[in-house]
Amino acid sequence: MIPQSLLLPFTACVQSSILRCNILAYQRVQLSCSRVARRVLSSSSPWLKGPPPMPPRPSISEDEIEEVFIKGGGKGGQKINKTNSKVQLRHIPSGLIVSSQATRSREQNRKIARRKMAEELQYQNDPESSRRGKLIEKKQKSKRNQRKKSLKRARLREAERQGLPEQEKLLQPPCDSSHEIEPSESIYDDADQSELENDLRILREIEEEELQNSQSVQTDLVEDEYEVDYTETVDLLSDRNEKKKRR
Amino acid sequence: MRILPAVKILARRESPYLPLLLPTLRDIDSARRELRWIAEHFHDRAADGLAVETNSQQKIKLKSSLYRKIWKACFLRGYKGVPLQYILGSQPFGDSLDIICRPGVLIPRWETEEWGVKIARGIRQYHPFFNAEENLSSQIIFNILDLCTGTGCIALLFAEQLKTNKNVLITGIDISQKAFTVARDNRKANDHVLGTNLSVLFKVGDIFTRDLSSMSNIDIIVSNPPYVSEENYYSWTHTERSVRNYEPRLALIGGVEFYKRIFEIATTTNAKAVVCEISDGQQYRDILDANCVDSSLWCSGSMYDEAGVVRTIVSWRRDAEDEWGWLQNLIS
């Protein structure tokens, strides 16, 4: 039988909208919680398990792609010192062209372009279940949650301005969202910048993979990271526990 | 083409550092890219300082010096036209090399990387020294001679690509003492390409006067000699302004006399193959016309780079066809 004192934090968290977004933290928190709590957290309810795993990273065979280069003609060599090293790949069967110029190193740009090509092909074949599709879904979801959060904050601010007591704050009608919500889009929202961000995300994934490959033996490091990331949530939980005990 | 005011305004809205880069880079995309590289570089360098436990005041001090460095780097790059590699001090090269770049030594170009990798990979794949089960000849060391080495980038590139259990010796020669220092620093910084049976040596010397007869069993001579003609060097339509103002003239102005001397060295050192970077197809014809290459002894051809320009002269001895004949597939 699970003791009541342990259930209270979780029910409270489920009701609170703030922690709903950090529900993933529970998976990480279980590494630092007590044994009893760990048993509770590892129960089979769906929201405790975290999000479903991402589809695997796609790969591509070298025979299907070729490197395309813009024929410049004219000067080059010692006369010109170019800093950008753009790599363009063409997928022979479908004719898809993908380019990357995110880093100063051509080798890194090649890797990024290959990974990008593989993702693009996977996305085209199967938009829903491909890796990029899932990433887009994740982003949309977090954007929706951010919107909700900022709406709620705006409502609270309105209520405070009018000087209402706490219970009535939450019952305020949603205010005009046009001037209260913080802008989430950048002022320079064009295709090149989002492509750059995409390239940087792929670069980070590649670096992560290489790091993992070189450190595959040391598993303690991974646990340390989790603890560092979610100390906030752990503190929140401990605060709640203390408050319940005081009552 | 002047930069439109709308572009300047857009750049300023995005970041106060972007407009500094516009005069040299001319458009926002390249400016954004280079600003990111500059910021990453200085942030990484400062990160060690920021990680130290300090009081809040000192942290603020470090932060503002970081911004000042970024501002200065953007100013030098955009308004003065200083090459980015001199500001950041490095240039990624090959698969894993990071070549240190300092004023006074020529910056490695992507064309050099491209043909260097092609030739080195070809050697690794097709040359019998690296592929035969036993050494059929009495040869036990593969000798590469890199003339006018500069930063040592070609020597280190070949070292990186030819790392095997076979013995390889790469020698790099340059006339400049500054280049010698930079090449040695590069070897130290990239020592992961060295091995128990792979060595890279650097020497100072003028290839026109230095006596190289002590090296008698060179397999291949590689070189990126100065090849820009004086006329093209001072022409605004040929040479970039930042190259003319900041890179060493010693490494740039040259001509056919260098190739003539390289082929003479090839004869004295018994070299079996010679691969050099050239300016364009016209210079290739000039080299052949000046009788630098004895066509009874040497097969030669030119290799294109990825921009579609003739970039390299590739030649090998007719009597070394079994070792170097595969070069035929690279030339056109």
Does B:VAL256 meet the test of being under 19 Å from the mean Cα position of the chain (by Cα) and assigned by TED's automatic domain parsing to the domain that holds B:THR209?
no
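Results for (1) surrounded by fewer than 17 Cβ atoms within 10 Å (Cβ to Cβ); (2) more than 12 Å from the chain's Cα centre (by Cα), shown as yes or no for each residue.
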| position | (1), (2) |
| --- | --- |
| B:GLY78 | no, yes |
| B:PRO108 | no, no |
| B:GLU113 | no, no |
| B:GLN125 | yes, yes |
| B:PRO128 | yes, yes |
| B:LEU162 | no, yes |
Going through the stretch A:84-129 one residue at a time, which ones are crowded, with 21+ Cβ neighbours inside 10 Å, farther than 24 Å from B:ARG109 by Cα and within 14 Å of chain B (Cβ to nearest Cβ)?
none
Out of curiosity, is A:LYS82 part of a helix (DSSP H, G or I) and either under 17 Å from B:GLU114 (Cβ atoms) or touching a helix residue (DSSP H, G or I) at 6+ places or on another chain (Cβ under 8 Å) (or both)?
no
Where B:THR239 falls short, out of the listed (1) within 11 Å of chain A (Cβ to nearest Cβ); (2) hydroxyl-bearing (Ser, Thr, Tyr); (3) under 20 Å from B:LEU156 (Cβ atoms):
(3)
Is it the case, given these coordinates, that B:TYR234 is at negative phi and more than 17 Å from the chain's Cα centre (by Cα)?
yes
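Every residue, every condition in (1) of a type in the set (D, E, K, R); (2) under 24 Å from B:TYR17 (Cα atoms); (3) within 14 Å of chain A (Cβ to nearest Cβ); (4) without any contact (Cβ under 8 Å) to a residue 40 or more places away in the chain, yes or no:
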site: B:ILE70; (1), (2), (3), (4): no, yes, no, no
site: B:ALA73; (1), (2), (3), (4): no, yes, yes, yes
site: B:TYR79; (1), (2), (3), (4): no, yes, no, no
site: B:ILE87; (1), (2), (3), (4): no, yes, yes, no
site: B:SER90; (1), (2), (3), (4): no, yes, yes, yes
site: B:SER96; (1), (2), (3), (4): no, no, yes, no
site: B:ILE99; (1), (2), (3), (4): no, no, yes, no
site: B:LEU106; (1), (2), (3), (4): no, no, yes, no
site: B:GLU111; (1), (2), (3), (4): yes, no, yes, no
Out of curiosity, is A:GLU158 surrounded by fewer than 12 Cβ atoms within 10 Å (Cβ to Cβ) and either modelled with pLDDT under 85 or in a helix (DSSP H, G or I) (or both)?
no
Could you tell me whether any residue of the stretch B:214-232 is among the small types (Gly, Ala, Ser), over 30 Å from B:PHE129 (Cα atoms) and either within 14 Å of chain A (Cβ to nearest Cβ) or crowded, with 22+ Cβ neighbours inside 10 Å (or both)?
yes
What's the total number of residues in the stretch B:295-332 that are of a type in the set (Asp, Glu) and either within 14 Å of chain A (Cβ to nearest Cβ) or touching a residue at least 40 places away in the same chain (Cβ under 8 Å) (or both)?
4
Note on B:ILE218: of the conditions (1) touching a Phe, Trp or Tyr at 6+ places or on another chain (Cβ under 6 Å); (2) in contact (Cβ under 8 Å) with a residue 40 or more places away in the chain; (3) of a type in the set (Val, Ile, Thr), unmet is (1)
Inside the stretch B:249-272, can you point out the residues that are under 13 Å from B:SER223 (Cβ atoms) and within 14 Å of chain A (Cβ to nearest Cβ)?
B:ALA251, B:GLY254, B:PHE258
Please go through the stretch B:221-236 and give me each residue that is outside any helix (DSSP H, G or I), of a type in the set (Phe, Trp, Tyr) and farther than 20 Å from B:ILE207 by Cβ, ordered by number.
B:TRP236
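Could you please find all residues in the stretch B:179-199 being of a type in the set (Val, Ile, Thr) and either modelled with pLDDT of 95 or more or in a helix (DSSP H, G or I) (or both)?
Matches in the stretch B:179-199: B:THR181, B:VAL182, B:VAL193.
Would you please name the residue that is surrounded by the fewest Cβ atoms within 10 Å (Cβ to Cβ), looking only at residues in the stretch B:283-332 that are among the polar types (S, T, N, Q) and in a loop (DSSP other than H, G, I, E, B)? Reasoning before the result, please.
In the first step, residues of the stretch B:283-332 are kept if they are among the polar types (S, T, N, Q); the result is B:283, B:291, B:295-296, B:300, B:302, B:312, B:315, B:328-329, B:332.
Now drop any that are not in a loop (DSSP other than H, G, I, E, B), which leaves B:291, B:295-296, B:332.
Values: B:ASN291: 10, B:SER295: 11, B:SER296: 6, B:SER332: 8.
Filtering first and then ranking leaves B:SER296.
Quick check on B:ASP280: is it within 14 Å of chain A (Cβ to nearest Cβ), in contact with a strand residue (DSSP E or B) (Cβ under 6 Å, 6 or more places away or on another chain) and either surrounded by fewer than 17 Cβ atoms within 10 Å (Cβ to Cβ) or more than 26 Å from B:ILE87 (Cα to Cα) (or both)? Don't jump to the end; show me each part of the working.
On the way: within 14 Å of chain A (Cβ to nearest Cβ): yes; in contact with a strand residue (DSSP E or B) (Cβ under 6 Å, 6 or more places away or on another chain): yes; either surrounded by fewer than 17 Cβ atoms within 10 Å (Cβ to Cβ) or more than 26 Å from B:ILE87 (Cα to Cα) (or both): yes.
Considered against the rule, which asks whether it is within 14 Å of chain A (Cβ to nearest Cβ), in contact with a strand residue (DSSP E or B) (Cβ under 6 Å, 6 or more places away or on another chain) and either surrounded by fewer than 17 Cβ atoms within 10 Å (Cβ to Cβ) or more than 26 Å from B:ILE87 (Cα to Cα) (or both), B:ASP280 comes out as yes.
The values are calculated or read from the model by the stated rules, or taken from the named source; none is laboratory data. Keep in mind the model is a prediction, meaning the values are calculated, not measured. Backbone-built Cβ (ideal geometry, glycine too); neighbour counts: all protein chains shown.
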